[in-house]
Amino acid sequence: MEDRKELLGKVWRLYKNNELLFERDLKAIRSMEEMLARPKYKPEAGVKPVMEVKELCKKYKNGKNAVEAVKKVSFEVYPKEIVAITGTSGSGKSTLLHMLGGLDKPTSGEILVDGVNIAKLSDRKLSIFRNQKIGFVFQFFYLQPFLTLAQNVAVPAMINKMKTRARKERSEELAEAVGLSERLGHLPKELSGGQMQRAAIARALFNQPKILIADEPTGNLDSKNSAMILDLFQKVREQFGTTIIIVTHDDDIANLADRKLTMHDGELL
Amino acid sequence: MISVKNSLTLALTKLKARKIRNILTVVIASLMFAVLFFAVIVFEGFFAVSLPRFANETLSSKNMTVATMYDAISLFKNGKVSNEQKVVLDRYWNEDILARQRRSKELGLPFDEKAARKETQPYEAYEEDRPNELWPVDSAPAVKRLVKEQVAVEQETREQKIKKYVKNTKAVKVSKGYQLRAQSRQVFLKNQNGEYAFPTNKKSERKGRPDDRVPSVESLLLVPQEAYQAFLFNNNDWKAESKRVPIMLSINKVEYMLGLPKLSQDASPVEKSKRLQDIQKKSKDLIFSACYLNSVAMNQHSDALSYAKMTPVLQKDIKLAYAPIASNNCSVPQIMKDTRDAEDRKMENNSALFEHEFNGLEIQPEAQEVTFQVVGMLPPDRDYSEGLVDSTLRMLAGSADGENYVPMDMFMKLENRLDVQKMYAKPEVNNLENIEEVTDSRVFFFEYKTPELVKDALDLNVCANMHYGVFEGEKIPKEIEVRCKKYKPEFFASSFGSRAADLLSVKETFRQIILIVGAVFAAIATIIMMGTIGRVISDSRRETAVFRAIGFKRFDIIKTYLTYGLILAGVTAAVAFGLALLVANILNTQFAPMLTAKANWIYCVRNFDLKFTLIGLNGELLGMIVLAILVIGLVATGLPLTRNIRRNPIRDMRDE
Ligand SMILES: Nc1ncnc2c1ncn2[C@@H]1O[C@H](COP(=O)(O)OP(=O)(O)OP(=O)(O)O)[C@@H](O)[C@H]1O
Ligand SMILES: [Mg+2]
């Protein structure tokens with residue numbers, strides 16, 4: 001109930017600031033409400049976690065100043081879960097996420113994915129790991145501006161030598177999943193922000209990753225599009241069985257996840 | 001690793017990313033490389049395609065040198081008289097003076113020892129401040145005697161010397177030739193009125209510069225067949241029984257003899273080839289005579305001229321007078337008046353005898369006519385007003401400038417050969433069976449397989465210079481100095497036929513220029529490309545970071561950028577080459593006909609189908625430039641890439 005009140009309050013604020021059209025707002029509210037109303041996914045008891053994080057630490061050293069961005073963080077993520085990580089700016093969300101996705105190495109601690117500690121992998125193996133197991137979605141969609149949507153979506157296929165035909169089929173399948181079937185031939189600049197983010201999600205899903213990692217995926221979108229992305233995540237989880245970890249500082253978005261982890265000063269609350 | 005096709009796809013996005021900048025880069029770089037390509041194409045067309053076409057038709061295709069042997073000169077080390085030689089020369093000098101004194105007495109002639117000594121001095125100080133450095137006086141009887149003895153000794157080893165030189169320079173063939181010079185005769189040709197141009201008292205005839213197209217036969221170069229073959233007239237009908245000396249004259253002289261006006265330098269190709277064809281047609285009419293007068297006849301003729309100018313009073317005192325030689329007749333002057341008594345005659349005869357014995361002068365007047373038939377035509381003589389193109393072509397065509405070729409084998413078959421030889425004999429030679437006795441100006445034609453060997457042989461001249469001190473203070477390359485130590489050269493060579501050695505050095509110079517210009521262009525192009533590529537790389541840092549996140553390995557990213565750099569360089573190379581070819585083509589249509597005409601003329605070819613072209617595609621050289629451009633592309637990508645590839649993708653994603 002509280003969530004709803006907050007949501008309405010937010011819409012009211014936006015409305016007063018003339019930032020939203022009324023009709024669209026209502027739709028957004030309705031879909032948000034609808035989504036909130038959905039039952040949260042609970043992994044069955046005894047299911048092994050897809051990712052185990054144990055006492056993860058990350059220290060940055062800039063000359064004499066040392067920043068402990070992530071301090072002894074431990075948690076587990078179960079298959080098909082949608083986990084949201086929230087926290088104030090600078091609390092270490094992105095740092096944590098990068099380590100989870102094998103983009104960055106922890107100072108200490110372990111990240112076990114399918115029983116493998118990715119903290120110990122070589123650069124080359126990490127590349128393969130990222131390509132096979134992880135899908136990334138970023139706040140700024142970072143689509144290649146001179147590739148068509150179809151090509152952008154299929155970029156991950158470049159590394160694993162997929163046949164052109166299979167690649168095309170997969171692109172179409174994913175485009176349909178993210179609702180961009182009509183737009184495959186377009187360049188990114190011909191798409192809206194929401195569409196671009198959906199394309200980026202399709203790209204992230206291309207190699208059927210186990211885990212989708214998203215850093216502020218809605219940070220650049222309006223609430224209607226944000227809702228749509230969240231809706232899409234749920235659909236993806238249903239359709240592909242993907243585990244999804246989202247970093248956001250937007251509590252509304254976080255509330256839509258199955259579970260919410262909150263960070264503060266590099267620690268999990 | 002990503003496939004080539006994929007890296008191409010991604011590389012293309014880099015080209016699109018900074019379209020204008022990429023295009024500008026290609027334009028600037030390709031303009032520079034177009035200059036290189038153009039130079040290489042035109043140079044190749046000129047030197048490697050066109051020149052050989054003409055050269056192969058003529059003597060110029062032969063890699064030959066013409067060399068003279070150092071005999072007598074080698075007697076005097078560094079050209080100076082040694083102390084031991086001075087002793088010998090002094091002895092010969094004294095002996096000669098004593099003989100002269102004795103003979104004068106016998107013949108009843110007056111003798112002035114001091115004057116005789118001065119006249120026959122065998123050496124002199126080269127400079128006043130170096131009185132101890134003595135230089136031989138070639139004409140002195142003592143020196144001649146010493147040289148003669150030396151030549152006689154060396155004669156035996158001459159064949160060995162040739163063998164050694166052939167081995168040393170890797171010559172494949174050696175043929176003998178002779179440089180004949182009329183040393184004891186004055187030669188006169190008939191002018192256009194059919195009269196001999198003997199000296200006269202008429203002032204008008206002496207004025208004005210003589211036409212340099214008038215042939216002269218004072219010197220003849222007897223050449224072996226391979227040297228003259230290319231220049232024979234197509235319809236040459238010379239016969240040994242004709243008693244005509246076969247000769248080849250330069251095209252200018254042939255024109256003059258046929259009464260054809262001089263063609264302007266810019267005469268059209270049509271005019272020039274028509275002229276060449278005309279000459280071939282009229283070549284049978286090219287017969288002319290020369291009158292050879294010995295010094296006695298010459299003296300009598302000039303005496304006759306002075307006598308004619310004298311007043312009757314003065315004429316009275318002259319006891320013996322001649323009539324000048326009539327210009328229509330090659331004969332000795334006729335005696336007009338002779339009032340000498342027996343004593344006068346005896347004195348005169350004795351002094352003539354003395355001059356004959358000691359100074360090699362003849363006693364009796366002689367005049368002889370020799371007929372020549374032009375059997376071929378040599379490239380034109382140097383014309384000092386000619387332009388750059390003509391002089392360059394001439395330099396490379398390499399004709400024997402100013403020489404008259406006499407085909408040696410034809411000459412040796414000539415029925416009246418001995419009579420002709422006599423005209424070119426040295427004063428003291430009497431037995432003329434052997435042509436070697438006519439003159440010691442033997443020349444040797446050495447033939448080589450490659451132009452490089454010719455160049456090598458010519459380089460050895462430096463050894464000769466070093467050894468004989470002809471050019472003191474000349475800088476000698478180290479490797480030649482080493483070679484010279486092993487080998488004392490006996491020949492002095494000049495290039496003959498092909499100017500292969502010159503061509504080689506032109507090519508070497510060109511290569512160096514291309515290298516320097518190429519290096520500068522490459523540096524500029526690298527900097528420009530690096531700027532553009534660096535910009536593109538930093539532009540797409542975030543995309544690269546995402547690609548890394550997606551699982552691209554470092555090498556995949558490197559590959560993408562290198563492909564992009566290669567495409568940029570490849571397009572540059574293609575545009576540059578296309579541009580160069582276009583300009584070369586325009587130039588070619590503009591200038592090829594003119595060059596064809598000039599080359600026809602200067603190479604004096606008989607085949608008028610030969611065409612000059614300014615387009616030559618040397619695959620190896622062009623390929624090397626293309627390769628260099630591609631390497632530049634890679635380097636220009638590699639440098640900014642190494643700066644960027646180690647970047648942390650996370651940081652790239654973080655900074656907005
Ligand atoms: N490369 C780095 N060197 C030093 N300090 C860093 C570096 N990267 C991040 N930090 C610091 O680590 C802390 C956590 O940063 P992080 O980006 O993870 O925060 P965040 O929760 O994602 O913040 P935001 O919501 O603003 O994105 C911050 O104090 C940040 O300044
Ligand atoms: Mg962050």
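What follows is calculated from the coordinates using simple rules that are stated; it is not laboratory data. Remember, predicted model here, so these are calculated numbers, not experimental data. Cβ sites come from the backbone with ideal geometry, for glycine too, and all protein chains shown count toward neighbours.
For segment B:602-617, backbone phi angles converted through the Karplus equation (6.51, -1.76, 1.60; θ = phi - 60°) give residue-by-residue couplings of 6, 7, 6, 8, 9, 9, 8, 8, 5, 10, 8, 9, 9, 10, x, 9 Hz, Gly and Pro being listed as x.
Above 20 Å, the calculated P(r) of segment B:225-282 contains 34 percent of its Cα-Cα pairs.
Between A:244, B:245, B:178, the Cα set farthest toward the positive side of the dipole of the protein assembly as shown (charges on each charged residue's Cβ, about the Cα centre) is that of A:244.
Based on the convex hull around the alpha carbon atoms, segment B:73-156 presents an average projected area of 6.5 nm².
Full extension of the segment from residue B:510 to residue B:274, taken as 0.36 nm per residue of separation minus the current Cα-Cα distance, would add 81.4 nm.
Semi-axes of the equivalent ellipsoid of chain B are 72, 32, 20 Å, computed as sqrt(5λ) over the eigenvalues of the C-alpha gyration tensor in descending order. Shielding of peptide B:539-548 by partners, expressed as the average count of other chain Cβ atoms within 10 Å per residue Cβ, is 4.
Diffusion of segment B:294-359 by Stokes-Einstein, at 37 °C in a medium of 0.692 mPa s and with Rh set to the Kirkwood radius over alpha-carbon pairs, works out to 251 µm²/s.
Between exposed trypsin sites (Lys or Arg not before Pro) in chain A, where DSSP calls loop and at most 12 other Cβ atoms lie within 10 Å, what's the longest gap? It works out to A:164-269. Among B:601, B:238, B:135, the order by Cβ neighbours within 10 angstrom, fewest to most, reads B:135, B:238, B:601. Each residue of segment B:309-319 was assigned a 3J(HN,Hα) from its phi angle through the Karplus expression (A = 6.51, B = -1.76, C = 1.60, θ = phi - 60°), giving 7, 6, 6, x, 4, 5, 4, 4, 6, 7, 8 Hz with x at Gly and Pro. Between the beta carbons of residue B:116 and residue B:339, assuming R0 = 22 Å, the FRET efficiency works out to 0.10 to the nearest 0.05. With both labels modelled 7 Å from their Cα along Cα-to-Cβ, the residue B:83 to residue B:385 distance reads 6.0 nm.
Between residue B:362 and residue B:617, the contour length at 0.36 nm per residue exceeds the Cα-Cα span by 85.3 nm. Straight-line cross-link partners of residue B:507 among the lysines, defined as a Cα under 16 Å from its Cα and at least 8 positions apart when in the same chain: B:455.
Against the empirical 2.2 N^0.38 Å (N residues), the protein assembly as shown has a Cα radius of gyration ratio of 1.69. Note that segment A:86-220 shows a convex hull volume over its alpha carbon atoms of 120 Å³ per residue. Could you name the aspartates and glutamates in cross-link range of residue B:161, using Cα to Cα under 12 Å and dropping any fewer than eight places away on the same chain? Partners found: B:71, B:490. Packing-based ranking of B:78-84, B:541-547 yields B:541-547, B:78-84, ordered from highest to lowest mean Cβ neighbour count within 10 Å. Fraction of C-alpha pairs exceeding 17 angstrom in segment A:48-147: 56 percent, rounded to a whole number.
Take segment B:553-604, drop everything but the C-alpha atoms, weight them equally and run the Debye formula without solvent; then report log10 I(q)/I(0) at 0.23, 0.28, 0.31 Å⁻¹ to two decimals. Ignoring solvent entirely, the Cα scatterers give -0.83, -0.94, -1.01. What base-10 log of the normalised intensity I(q)/I(0) is obtained for chain A from the Debye formula, alpha carbons as equal point scatterers, at q = 0.13, 0.17 Å⁻¹? Results for chain A at q = 0.13, 0.17 Å⁻¹ read -0.90, -1.41.
Computed extension length for residue B:267-residue B:610: 121.7 nm, one decimal, from 0.36 nm per residue of separation with the Cα-Cα distance subtracted. Looking at chain A alone, DSSP beta bridges between its own residues are antiparallel in about 50 percent of cases.
The mean of 1/r over all pairs of different alpha-carbon atoms in segment B:248-348, once inverted, gives a Kirkwood hydrodynamic radius of 17.9 Å. Within the straight-line cut-off of under 18 Å between alpha carbons, the lysines reachable from residue A:189 are B:14, B:16, B:19, sequence neighbours fewer than 8 places apart in one chain being disregarded. The percentage of C-alpha pairs in segment B:187-332 whose separation is greater than 21 Å is 59%. Applying a 4.7 Å cutoff between beta carbons, the unpaired cysteines of chain B are B:604. With 30 Å as the limit, the listed pairs B:164/B:243; B:86/B:485; B:426/B:598; B:86/B:173; A:59/A:260 have B:164/B:243; B:426/B:598; B:86/B:173 beyond it between alpha carbons. Overall, chain A carries a charge dipole of about 880 debye about its Cα centre when +1 sits on the Cβ of Lys and Arg and -1 on the Cβ of Asp and Glu, all other atoms neutral. Once backbone amide H atoms are built at 1.01 Å from N, residue A:51 has A:77 as its partners under 5 Å, excluding neighbours fewer than 5 places away on the same chain. For segment B:373-383, putting each phi into the Karplus relation 6.51 cos²θ - 1.76 cosθ + 1.60 with θ = phi - 60° gives couplings of 10, 6, 10, x, 10, 9, x, x, 6, 4, 10 Hz, in residue order, rounded to whole numbers and with x for Gly and Pro.
Counting neighbouring Cβ atoms within 10 Å and putting the fewest first, the residues B:250, B:306 line up as B:306, B:250.
Estimated from the Cβ-Cβ distance and a Förster radius of 60 angstrom, the FRET efficiency linking residue A:181 and residue A:122 is about 0.95. What the Kirkwood sum gives for segment B:1-124 is a hydrodynamic radius of 23.9 Å, with every pair of different alpha carbons counted.
Taking every alpha-carbon pair under 8 Å whose residues sit at least 6 apart, chain B reaches a relative contact order of 29 percent.
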